[in-house]
1. About the Cα centre of the range 143-256, how large is the charge dipole given +1 on each Lys and Arg Cβ and -1 on each Asp and Glu Cβ? Please answer in debye to the nearest 20.
2. Stretched out fully, how many nm does the piece from S240 to F477 gain, at 0.36 nm a residue minus the Cα gap?
3. May I ask you to derive the relative contact order of the range 143-256, considering only C-alpha pairs under 8 Å and at least 6 residues apart, and to give it as an integer percent?
4. Note the direction-averaged projected area, equal to a quarter of the hull surface, for the Cα convex hull of the chain, in nm².
5. Please compute the modelled spin-label separation between A84 and Y299, points set 7 Å along Cα→Cβ, answer in nm with one decimal.
6. Pairs of Cα atoms under 8 Å, at least six residues apart: use those to get the relative contact order of the range 236-375, whole percent.
7. For Q60 and T336, compute 0.36 nm times the residue count separating them, minus their Cα-Cα distance, and round to one decimal in nm.
8. Which value at 222 nm does the chain reach when only helices count, each DSSP H run of 4 or more adding -39,500 (n - 2.57), with the total divided by all residues and rounded to the nearest 500 deg cm²/dmol?
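Please treat every number below as a calculation from the coordinates, not as lab data. Predicted, not measured: the structure shown is a model, and the values here were computed from it. Cβ: placed from backbone, ideal geometry, glycine included. Neighbour counts: every protein chain shown.
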Amino acid sequence: MKKHLLMAVLPLLSWGCGDATDADNDGVADGIRDPNNVSVVVPSTPKGTVSGQVLGTNLQGLDGVTVAMTIGSQATGKSATTDASGNFVMTDVPAGAQVLLTFSKSGYATLRATSTVPSAAGTVPINNGNASFGPVTLAQLNSKLVFNVVTPQGRPAAGVKGTLEVDRAGSLILSNYDNTASVLSKVYVEATAGDDGVLTFNGVPSGAELARLNGSYNLWVSPMDANGDGIPETGGFVTSYSGASIVSTSITRVVNLPFARPQNVPLAVEGSNVGSLKAATVFDPLNNLVRPGEPIYVYFNQPVQPGSLLVRLTDEYAKESLAVTATVNAGGYSATINPGSGVVQEGKEYNIFVRAVSAEGGTNFTQTGFFFGGDQASPKAVTIAELRYQETAALGTVAATQLNPTEVVYVNFSAPIRPPAGSTVQVFFDGDIDNDGKIGFNSFGEVNNYSNQGFPLTLNEPFGPYVTRTPAEMPVFGITSSQGYSTRYSFIYSGIALIPSQVKLVVAFTKLPTVGTNEAYESIWGQPIGTDLQGSGVAIQPAQTPAP
């Protein structure tokens, strides 16, 4: 035991007494090799080496490859150059350091890889631990890939831009049992097609070389904006080809660019301040409010032909066309519809017809919608705007100047309202409509009657003009339901004959039967109507007459 201790001390004593140096700063005097047992001489700052071999994909050594090494976070690194066999070695590398190696040679793909220099045998620091990189394989950049790019209309895509990514243009086997090692070798080439629509990517690995590396070509073709207005005329294109597929077929491929929007998707409205144009299944009147003087905005899911846009506008009864103009914007993706001055009024309902043709797929869009004049932020109280009845008696008779039993009375409100489900408001007359000398008591349809029974006021949403002749007036275009909102309601009168101008009536919203939590009529602003509304002076809608 004492003999061993002496052997461990003597080298250290001779170092301290002589001129020995430690140029590599590993804590062991230069030239010390014996004893070489790590239990005898342990370096305090061990050093290691990094070595490897670089080959072409044909497995022949590559001479003159520059190997640049970054050591951890150090500002300066090391470099080496491969010999005729593709070998390289770098010494005096701090053991335990993480190193990044960049392999580069003109005409070949660049490869980057990381690993860690071994620093210990077991738990004891050692010198000369080696990080082995290899074999490293680099692909030669001596080929080209050509694509014929075609527009959706079948014409050359002149000026289109593309990027080709060569993924796995090199390979590396690390034999350091390093689970954290990473390898990167990609090539990126950009190209712009000429007037013939041909994209040529020069300086890429051949299909054969990439097949050896089991790599792929990833192609990205940008959407084409030929006129520079920011609106692409075509969509982009993305695809991948394996090296083997390029070898087995042809290096020239045809790329058919898609439409800016898929051709098999019908033309539709994606957004508008008139929500009914979107044909949404869930209706909200607040999404169909247009402020007086405000345009109607329409956004399509694909560009439309400018000359194909047709817009027509009518009031709630579709009796006549209202002034409106429409322009196509943003390369066909949007339209601005401007009703004429003073056309849109607060609380009125309007019908709108929009027709357009896709600029790409040729699909037609036809939609009939509706909207209300109003501002979400400024709800208005609802009143009775007009009372009118449909005369059924022949002109020139006494009955033609009176409100008679079985005739329909129309109650028009100042803004569209919607009834609650399962409940109907009733109308009462402020007068003696049963000719018993009293108003109310047990008299049906009179205010203050004990039974509170009146005339049920039902929704009578118009789908065309008031009928004044035979054949009846036709609407400007076929209009659709406004989802239960309307200004027009009606009831059938059953009292004695009355002078229409003297009639007074009450719509008794306060007497609405309770049918659940939603028992109130609502305006287009979402406001419940909780007060009775009164009106007087019933106008005459003349009896139908034959058209001249």
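1. 340
2. Values: separation 237, 0.36 × 237 = 85.32 nm, distance 5.17 nm.
Gain in length upon complete extension: 80.2 nm.
3. With pairs under 8 Å counted, the relative contact order is 35 percent.
4. Directional mean of the projected Cα hull area for the chain stands at 47.5 nm².
5. Here the answer is 7.0 nm between the modelled labels.
6. Numbers: 295 pairs, mean separation 37.4, N = 140.
The normalised contact order for the range 236-375 reaches 27 percent.
7. Computed gain between Q60 and T336 is 92.6 nm.
8. For the chain, the value works out to -1500 deg cm²/dmol.
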